[in-house]
1. Among what's in region A:155-172 and is in contact with an Asp or Glu (Cβ under 8 Å, 6 or more places away or on another chain) and at pLDDT 85 or above, pick the residue that is farthest from residue A:323 (Cα to Cα).
2. Consider residue B:457 against the criteria (1) within 11 Å of another protein chain (Cβ to nearest Cβ); (2) modelled with pLDDT of 90 or more; (3) in contact with a Lys or Arg (Cβ under 8 Å, 6 or more places away or on another chain): it satisfies all of them except one. Which criterion is unmet?
3. State whether one or more residues within region B:258-266 are under 12 Å from the mean Cα position of the chain (by Cα) and in a helix (DSSP H, G or I).
4. Within region B:51-72, take every residue that is among the hydroxyl-bearing types (Ser, Thr, Tyr) and in a helix (DSSP H, G or I) and give me the one that is surrounded by the fewest Cβ atoms within 10 Å (Cβ to Cβ).
5. Do you know which residues across region B:165-204 are modelled with pLDDT of 95 or more and more than 29 Å from residue B:456 (Cβ to Cβ)?
6. Here are A:277, A:297, A:346, A:355: which of them is more than 22 Å from the chain's Cα centre (by Cα) and among the hydrophobic types (A, V, I, L, M, F, W, C)?
7. For region B:358-380, check the following and say yes or no: at least one residue is free of Cβ contacts under 8 Å to residues at least 40 places away in the same chain, assigned by TED's automatic domain parsing to the domain that holds residue B:239 and surrounded by 17 or more Cβ atoms within 10 Å (Cβ to Cβ).
8. When only residues in region B:323-343 that are modelled with pLDDT of 90 or more and surrounded by fewer than 18 Cβ atoms within 10 Å (Cβ to Cβ) count, which is nearest to the chain's Cα centre (by Cα)?
Amino acid sequence: MASDLSRRRIRRAAICLVIFGAQFGMFEVALRTWGSSEAAPSFQGLFTDDPAIGYRLKPGARLRFTTAEFDTDISINRAGVRDDDDINTKAENERRILLIGDSLVLAVQVPFQQTFGELLERRLNAAASPYTYRVINAGVQGYGPVEELLLFRALGRQVQPDIVVETLFVGNDAEEAVASAHRLTAGSRRSRDAIRETVAIRMRRVVRRSMVLQVLRLRIASATGRFAWASGPPEPPLQSYAAVAAPRIAEGLAITRQVVDQMILEADSAGARTAVVLMPARFQLDDADYGRLRAAVAEAGGELMRDGATARFREALAGSNAPVFDPLPAMRAVPPGPDLFFQQTVHLTPRGHEVVATALEGFLHRTGLLDPPAGR
Amino acid sequence: MVFNSLHFIWFFIVVYAVYRMLPHRPQNWLLLVASYYFYGSWDWRFLGLLVASTIVDFSCALALDRSHSPRRRRMLLCLSLGFNLALLGFFKYFNFFADNLHVVFDSLGWQADFVTLRVLLPIGISFYTFVTMSYVIDVYRREIPATRDLLDFAVFVAYFPHLVAGPILRASLLLPQISTPRIVTREQVRDGLWLIAWGFFQKIFVADNLAAVANMVFDPGAHPTGINVLLGTYAFAFQIYGDFAGYSNVARGTSKLMGIELLENFRFPYFVRTAQDFWRHWHISLSTWLRDYLYIPLGGSRGSGGRTRRNLLITMVLGGLWHGAAWTFVLWGVYQGLLLIAYRAAGRVRALHLWIAGSGALARVTSWAVMFHFTCYGWLIFRARSAEHAGALSRALFTGFDPASVAISGALAPLLLYTAPLLLVHGIEAYYDDLLVVPRLSPGMRYCVYAATFYLTMLFGNYGGAAFIYFQF
């Protein structure tokens with residue numbers, strides 16, 4: 001009798017599991033087919049595994065990325081960076097600027113011709129100069145400072161840059177640096193922490209690959225984030241802006257500094273100079289966004305400092321051998337007009353790219369980075 | 001604190017965990033404290049009104065029960081009703097009447113200074129005053145004895161699942177469950193959990209998503225064509241249903257978990273074929289309240305045809321006004337009254353009667369479709385911002401239909417996406433004529449519905465935390 005009951009229960013549990021699993025698959029397929037998201041297999045086809053960095057853009061990949069807000073063609077050239085053309089042998093009078101960064105640099109939301117890297121290239125070439133400039137967009141979705149250094153190492157020799165522009169996203173790069181710090185010493189860690197971290201990273205990757213899991217994760221995060229005494233400090237992307245930041249932010253900033261110093265050193269030995277750009281988050285410019293987030297953080301018992309992360313990065317990078325550029329004042333100074341950021345993503349619109357390109361060009365001129373290095 | 005917030009979920013988990021550990025009497029104390037906390041989390045200042053209403057009606061009912069003097073009993077009844085109606089009148093209708101008198105005086109050229117107070121509407125006041133009024137009237141009619149236990153009565157009035165948006169419970173149903181020890185059965189836990197999940201689905205997936213479609217049509221500045229007015233009105237019909245039925249289901253579900261049974265408040269109201277049936281299936285606790293304490297005392301259908309029509313009209317106008325102090329609600333009440341009168345008259349015409357009550361497929365489908373559209377037109381009046389706005393939308397609907405202008409991705413697609421799963425489950429429930437059939441289905445079917453409800457709510461639900469529409473009533 002008792003075994004009958006338990007057999008029935010096991011059968012029911014199995015049916016339940018199968019049905020939930022089948023519907024999971026069904027919703028996964030539906031969301032991937034009609035969801036227009038970065039977790040869609042077509043978009044994931046842009047990437048390929050890389051033993052050192054984890055993943056990279058797939059050389060030769062092409063796709064059309066469509067969402068409710070934009071519709072973009074994306075081409076990855078043979079070097080594995082977003083560009084319609086390949087990178088050939090460097091000409092005598094050619095000067096190359098390597099833009100390294102994350103999704104804000106890659107900018108899948110706008111056509112290649114409208115990315116700030118490409119706009120910068122056109123502006124520099126339009127001015128009277130003995131050089132031809134080539135700006136190489138080496139942004140990769142989801143990268144943090146550590147992956148960016150590793151990509152620089154992989155690309156550096158191939159593209160022979162004269163200037164390396166490390167573009168940090170102040171919103172989450174401190175967090176990303178902590179999460180990827182182990183890559184700097186790959187293979188040397190055998191501690192339980194390292195294993196735990198690897199498992200966490202793999203789990204995160206599993207979640208990122210599933211659209212259903214991604215949405216569920218976001219639901220849980222936003223629900224717990226809104227609930228004061230369950231959330232504690234604000235969600236990770238806002239931690240860098242918290243009046244009292246978590247210890248891992250300080251750790252992430254220290255790693256970022258270490259990465260930037262290393263990049264300067266390696267670039268210098270390859271004959272290139274380095275600059276750092278501090279890209280702001282949308283709410284630093286969007287009042288409505290800021291009001292909403294500030295209220296959410298206040299509800300969670302914290303305090304949001306609007307430019308807190310920019311200030312922290314500036315402070316962390318003070319005294320480094322690379323000039324640091326903050327495009328925030330230039331972005332704030334633009335006259336009223338179309339938005340600088342998309343509404344459904346936190347990325348730049350074509351107008352945002354234009355503003356950043358103009359400001360960046362001014363910065364490169366002001367700091368003398370475009371002048372030929374002395375003695376060369 | 002709204003049901004669709006984590007605040008409520010944590011509140012309920014804590015209350016429920018303690019509740020299950022306590023014996024009967026302390027359980028009632030816990031329910032009272034929890035209910036006052038629930039109500040006070042909106043605005044603690046209005047707790048005083050709730051407590052005052054509880055004490056006045058408890059005392060009046062007790063005195064009514066003890067008294068044998070008809071005169072004294074009538075006086076006590078008037079005292080209680082007067083107190084409750086004064087509360088409602090002041091907090092809900094003062095500014096409405098003051099503003100309208102002002103307009104009338106102005107139009108007559110009379111100068112008069114009217115005081116307009118910034119009166120805040122205490123949440124749930126229409127619900128709990130109706131609950132306490134029905135109790136005192138029942139005691140007056142000697143249909144139930146007055147309770148001698150103030151704690152039980154206070155729990156009956158303030159019981160948090162139904163406090164702010166109903167169902168409007170009768171003492172005969174709830175008081176015995178409060179005053180006697182409760183046993184929570186396995187079936188109650190299973191059904192309760194399903195009702196809570198289904199209620200959240202109705203609110204978060206159906207109502208809150210369809211709100212965007214309805215707002216596109218009803219918001220200021222919108223100039224929709226007739227076809228889009230129609231789609232926006234359908235969307236609002238399912239929004240208000242999902243919102244209110246969702247609330248009622250969460251209320252019933254949480255009550256079941258505590259071993260307390262509440263009334264069914266909705267029973268497939270959009271599947272009906274007559275206006276009379278609609279009110280037997282929509283907001284059942286309000287319509288039965290209006291029937292028992294207003295329509296029947298007015299004479300109901302006992303007198304001449306003219307008198308019955310008058311009673312219907314008065315009842316529905318007051319029912320409309322119960323929803324809020326606005327002319328659109330009055331208009332909606334008039335419309336519902338006229339609809340009831342028209343269907344009553346139609347039932348006497350043989351051909352129409354055969355059509356409305358006929359069992360043939362064509363008669364069933366067409367009479368259902370006609371009634372559904374009459375209902376939807378009522379919602380257009382209800383949701384409009386003013387009588388003029390209702391008129392403008394009606395003009396667009398009847399004279400500027402323009403089918404080619406249909407907003408496919410903005411209105412039609414979301415309407416189909418968000419109503420189809422609801423209608424599918426209601427189809428199953430209606431087939432078995434059982435609102436709680438899902439937990440009783442075969443395991444395969446049951447888990448299919450559970451899984452779909454879970455995934456749809458989690459993946460496509462609207463988590464903006466919108467308040468329930470009926471809170472404002």
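The values are calculated or read from the model by the stated rules, or taken from the named source; none is laboratory data. All values derive from a computational prediction rather than experimental measurement. Reconstructed Cβ throughout: ideal geometry from the backbone, glycine too, with neighbour counts over all protein chains shown.
1. The first filter runs over region A:155-172 and keeps only residues in contact with an Asp or Glu (Cβ under 8 Å, 6 or more places away or on another chain), leaving A:156, A:166-167, A:169.
Applying the additional criterion that residues be at pLDDT 85 or above yields A:166-167, A:169.
Values: A:166: 11, A:167: 12, A:169: 16 Å.
Per the stated criteria, the residue is A:169.
2. Condition not satisfied by residue B:457: (3).
3. Checked region B:258-266: no residue is under 12 Å from the mean Cα position of the chain (by Cα) and in a helix (DSSP H, G or I).
4. Taking region B:51-72 as the starting set, the residues that turn out to be among the hydroxyl-bearing types (Ser, Thr, Tyr) are B:53-54, B:59, B:67, B:69.
From what's left, in a helix (DSSP H, G or I): B:53-54, B:59.
Values: B:53: 22, B:54: 20, B:59: 16.
Restricting to residues being among the hydroxyl-bearing types (Ser, Thr, Tyr) and in a helix (DSSP H, G or I), the top hit is B:59.
5. Residues satisfying the conditions do not exist here.
6. Working: A:277 fails: more than 22 Å from the chain's Cα centre (by Cα); A:346 fails: more than 22 Å from the chain's Cα centre (by Cα); A:355 fails: more than 22 Å from the chain's Cα centre (by Cα).
Sole residue among the options that is more than 22 Å from the chain's Cα centre (by Cα) and among the hydrophobic types (A, V, I, L, M, F, W, C): A:297.
7. Scanning region B:358-380 turns up no residue that is free of Cβ contacts under 8 Å to residues at least 40 places away in the same chain, assigned by TED's automatic domain parsing to the domain that holds residue B:239 and surrounded by 17 or more Cβ atoms within 10 Å (Cβ to Cβ).
8. Applying the filter and picking the extreme gives B:334.
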